[in-house]
1. For segment 63-83, how many residues are closer than 21 Å to Phe40 by Cβ and surrounded by 15 or more Cβ atoms within 10 Å (Cβ to Cβ)?
2. Considering each residue of segment 37-80, count those that are farther than 25 Å from Cys94 by Cβ and among the hydroxyl-bearing types (Ser, Thr, Tyr), and give that number.
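FYI, it's all coordinate maths here, none of it is from the lab. Being a predicted model, the structure only gives us computed values, none of them experimental. Counting neighbours? That spans all protein chains shown, and the Cβs are built from the backbone with ideal geometry, glycine included.
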Amino acid sequence: MSPDVMILVNITSPYDYRSADEMTNNRNMCDDRMRYLRDFEMETIGMKPTGRNCTAQGCKGKLFDTTLDWEDELPPNELKAAEKHCQNADLVLCLGTR
């Protein structure tokens, strides 16, 4: 699934995408874990700085992409939450894997 399609699904779905356990996608995140959904393809990959800053009051931290490169480890907090939810789920959709 392309990043553009994933964003369209997230925005138009009645499901609250902010509670989803996504390992990678078109979001930016600051050090304080503030998340920004982007409606364009990320220019960086591998959890690198995007050149943008967080706009949350009092933060101004650097934003990083949340797109993993093939050799990157999965983020431990997101992986732990995903494993917990998988154990309790009746159905798990895993999109875009090989």
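1. Counting residues in segment 63-83 that are closer than 21 Å to Phe40 by Cβ and surrounded by 15 or more Cβ atoms within 10 Å (Cβ to Cβ) gives 6.
2. Residues flagged as farther than 25 Å from Cys94 by Cβ and among the hydroxyl-bearing types (Ser, Thr, Tyr) within segment 37-80 amount to 2.
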